[in-house]
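One structure is given below, encoded as structure tokens.
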Amino acid sequence: MIGKVSAVIAAAGVVAALTPAATGVAEPARSRLVISQGGTAEQPLVVDGTGKDVNGITVNASHVVIRDFRLVDPEAPGIRAQGDDITLEDNTITKPRNGDGDGIRFFGAGIRILRNTISGTSNRYGHADCMQTYATNTPASQDVLIEGNRCEKIDNMCLMAEGPNEGEGSGRGHSHHFTIRGNFCETLKASQTLMFEDIQHATIEQNEFAASPVKAIGLAIKSTNATVRGNKVSPGIRYEVGIDDSSRPGYQGPKPGGRP
């Protein structure tokens, strides 16, 4: 039993459907959904929430699809995904609480975050980002696609991405090839909407940056070979890109307006 839904553990490649509990059966307090075994590259495990609510989701497995959950006031992070070939799609996360207050945290290669809506993250719990990744006691991340998401009323950043060599990381491996495309990003209190530290080969395109942070994008600590193009930037944002000297090699995009 998982709160108001029960999980059917399915074979790889079969949707793990979440169905209402039987009428009249006593249910425990809402708990967190934990996925510790995935599928294969050919047949990923698909977990379809069909619009149900749980107290957050943790994935510690590879080849997993998490789809169509509606998480209201979940324990933060609303979704935490660690592994390779993980897709988070069509989920809604509203007002994650406790922890650092983040909506989504992800770690690994081949992560896809698609068409999710995350709203109402609050800095009362820490530095509450819509999405975050780092590489301290977690793996570096590569080949990440973040597309078509809405980050609404986010106190901190829409994305905080830190590689393993940014000064506080593990020093093992590299984080690279992030594509951030077609997202709506509303940052209320941070000085930038997206921040990259030690992330190489980031492509940031066709996003809408709302509200009025100082800048839309920060590139720092050898975040080299970034490409920035085709974004819509709110008039309240002073400049689209801030960059440090270590991140300038290979940069393609609008003229930076200042520091990251």
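Numbers at a glance
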quantity: Among residues of the range 213-248, those that are within 17 Å of S191 (Cβ to Cβ), surrounded by fewer than 24 Cβ atoms within 10 Å (Cβ to Cβ) and either of a type in the set (S, T, Y) or touching a helix residue (DSSP H, G or I) at 6+ places or on another chain (Cβ under 8 Å) (or both), counted; calculated: 4
quantity: Residue match in the range 162-177 (condition: out of contact with any Asp or Glu (no Cβ under 7 Å at 6 or more places or on another chain), of a type outside the set (D, E) and either more than 25 Å from P249 (Cα to Cα) or free of Cβ contacts under 8 Å to residues at least 12 places away in the same chain (or both)); calculated: yes
quantity: Residue list for the range 100-124, restricted to those being closer than 16 Å to M160 by Cα and surrounded by fewer than 17 Cβ atoms within 10 Å (Cβ to Cβ); calculated: N123
quantity: T117 closer than 17 Å to T187 by Cβ and among the β-branched types (V, I, T); calculated: yes
quantity: Residue list for the range 22-74, filter: among the basic types (K, R) and either under 15 Å from D90 (Cα atoms) or at pLDDT below 95 (or both); calculated: R30, K52, R67, R70
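The values are calculated or read from the model by the stated rules, or taken from the named source; none is laboratory data. Bear in mind that the values here come from a model prediction, so they are computed numbers and not experimental data. Because the Cβ atoms are built from the backbone with ideal geometry, glycine has one as well, and the counts that use them run over all protein chains shown.
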